[in-house]
Amino acid sequence: MRPLTWAFWWVLGGAVLFSTTLFFCLRPSTPSEPWIANLDKLQHAFAFFVLSFWSLALVERRAYLRVTLVMVAVGAGIEVAQGLMPFGRSAEWADLMADLVGVVLALLASLIVRESWFARVETWLRRS
């Protein structure tokens, strides 16, 4: 893990994001018609981008591959859980692919940024 002043709060925020994502992915489905075609795929990609970008900011670059693999495994686990649930949820390969897109985009963004954005925020707050 990166040496961050407010590491506890960053980890806690990540846990809240992760829990919220799990809740929305595993709650009983609602019979609403999306107003945008494939809106749920965009939601999956966005959620996994945020979770992955957040998680990657917590760790050193040498752990990026592990974090990326864990996030893909989380996406697969959610799809398996949805397939096993009797609440109108279904497992979809397209959802897993959307998760993968979000994870890969977060990895690319983290590689481009090179420094933890948490460290940047902490530096900015110390100057204020």
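Just to confirm the number: angle between the C-alpha axis of helix 93-113 and the first principal axis of the chain, 0 to 90 degrees, nearest 10?
10 degrees
Among Thr21, Thr5, what is the fewest-to-most ranking by other Cβ atoms within 10 Å? Can you show the working numbers first?
On the way: Thr21 19, Thr5 13.
With the fewest neighbours first, Thr21, Thr5 line up as Thr5, Thr21.
Over segment 39-127, what is the relative contact order in whole percent, taking alpha-carbon pairs under 8 Å and six or more residues apart?
Over segment 39-127, the number comes to 45 percent.
Taking the Cβ of each residue in Trp93, Trp54, Trp10 as the centre, tally the other Cβ atoms inside 10 Å and list the residues starting with the fewest.
Working: Trp93 8, Trp54 18, Trp10 21.
By the 10 Å Cβ count, ascending: Trp93, Trp54, Trp10.
If Lys and Arg each add +1 and Asp and Glu each add -1, what is the summed charge of the other residues whose beta carbon sits under 14 Å from the beta carbon of Asp99? Kindly include the intermediate steps, with their values, before the conclusion.
On the way: positive: Lys41; negative: Asp40, Glu79, Glu92, Asp95.
With Lys, Arg at +1 and Asp, Glu at -1, the net is -3.
Which ordering of Ser90, Ser116 is given by a fewest-first count of other beta-carbon atoms within 10 Å?
Values: Ser90 10, Ser116 20.
With the fewest neighbours first, Ser90, Ser116 line up as Ser90, Ser116.
Which angle between 0 and 90 degrees, to the nearest 10, do you get for helix 117-127 versus the longest principal axis of the chain when only C-alpha atoms count?
50 degrees
Using only alpha-carbon positions, what ratio does the radius of gyration of segment 1-101 give when scaled by 2.2 N^0.38 Å? Walk me through the numbers on the way to the answer.
Details: Rg = 14.8 Å, N = 101, 2.2 N^0.38 = 12.7 Å.
Computed over Cα atoms of segment 1-101, the ratio equals 1.16.
Rank Leu56, Leu12, Leu100 by mean-square fluctuation in a GNM of the chain with C-alpha springs under 10 angstrom and give only the top-ranked residue.
Residue with maximal mean-square fluctuation among Leu56, Leu12, Leu100: Leu12.
Give me the angle, in degrees from 0 to 90, between the Cα long axis of helix 39-58 and the longest principal axis of the Cα atoms of the chain, rounded to the nearest 10.
30 degrees
What are the ³J(HN,Hα) couplings of segment 66-71, residue after residue, when phi is run through the Karplus curve with 6.51, -1.76, 1.60 and θ = phi - 60°? Round to Hz, x for glycine and proline.
4, 4, 4, 5, 5, 5
We did not get these values from a lab; they are worked out from the coordinates using the rules stated. As the structure is a computational prediction, the values presented were derived from the model and not from experiment. Glycine gets a Cβ as well: all are built from the backbone with ideal geometry, and neighbour counts include every protein chain shown.
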